[in-house]
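Below is one structure, written out as structure tokens; comments come after it.
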Amino acid sequence: MRQVIAGNWKMNGKFSDITPFAAAVLEADLGADLIICPPFPLLQGFAAALPGAHGAIGGQDCHANGSGAHTGDVSAALLAEAGAKYVILGHSERRADHGETNADVAAKVLAALSAGLIPIVCVGETESERDAGEAEHVVRTQLTHSLPSSFAGLVAYEPVWAIGTGRTPSEADVTAMHARIRAVLVAQFPASGASTPILYGGSFKPGNAASLLSLPEVGGALVGGASLNAADFLAIAASAPRG
Ligand code: PGA
């Protein structure tokens, strides 16, 4: 299965970035599937600049409701209409900055699925949770409560302490957590859990991409800071094993 390399631009980027970034993506010959998740106002421009075969577009969040009095929020249906195929849900920055609970994330996943979007659901422990030996328990709880009973999408394991810090878990720790996530998914979704892609995220760089992407049960990358630079993002994607 081809790996998925998703770029999470967070609250970065400008309209003038779309054309040069898309041009670099269009020139690349990659063995991985690319997803660009820019801020909402850039979605339509990216969707127009990147024909589907070269890269899909994703949102960074959606509301659980289809419409209504929710100032500042965006519905899954509108993301889809803007050209998004994917949506990141439950990112640790949403959980921390906006108090999103696992139940909130599960409701958003359902909204995304019913709008035809493919959710990328993020889980991951904080540093204190890891130090306390609770990392696997925290991630298991997030999975069992953030994924609705019927789920089709991707999971991203992003240890909170590795996001934007330049620090990554050891290869053994990534391997162990991805194996644990796989076991939880298979138990929770007997029909599909074995094939749900599990991305790793947290301080991906061109220099560590080949080793992280070659680990068992790592199905791709969710890249933050390094995805803002087309050369770095494409170098990470070029490191994905061709499968
Ligand atoms: P980072 O962010 O690559 O900048 O660490 C990853 C993420 O938050 O998705």
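The values are calculated or read from the model by the stated rules, or taken from the named source; none is laboratory data. Everything numeric in this text was worked out from a predicted model, so none of it was measured. So basically every Cβ, Gly included, is an ideal-geometry build from the backbone, and we count neighbours across all protein chains shown. When the accessible area is computed, the model is the full protein with side chains, heavy atoms only, and any ligands, DNA or RNA have been set aside. Shrake-Rupley method; radii C 1.70, N 1.55, O 1.52, S 1.80 Å.
For Lys85, a cut-off of 16 angstrom between C-alpha atoms picks up these lysines, skipping any fewer than 8 places away in its own chain: Lys108. Averaging the sequence gap over all C-alpha pairs within less than 8 Å and six or more residues apart, then dividing by the number of residues, gives the chain a relative contact order of 22 percent. Can you classify the range 102-186 as rounded, prolate or oblate using the Cα gyration tensor, where a ≥ b ≥ c are the square roots of its eigenvalues, rounded means a/c under 1.5, and otherwise it's prolate if a/b beats b/c and oblate if not? Verdict is prolate for the range 102-186. Using only Cα atoms, locate the centre of the range 205-243 and the centre of the range 92-127, then give the distance between them in Å, rounded to an integer. Each part reduced to its Cα centre gives a spacing of 23 Å. Here the simple spin-label model places points 7 Å from the Cα toward Cβ, and for Ala23 and Asp131 these points are separated by 4.8 nm.
Cα gyration tensor of the range 1-156, axes a ≥ b ≥ c as square roots of the eigenvalues: rounded (a/c below 1.5), prolate (a/b > b/c) or oblate? Here the range 1-156 falls in the prolate category. Take the chain with all the other protein chains still there, run a 1.4 Å probe, and you get 42 Å² of accessible area per residue.
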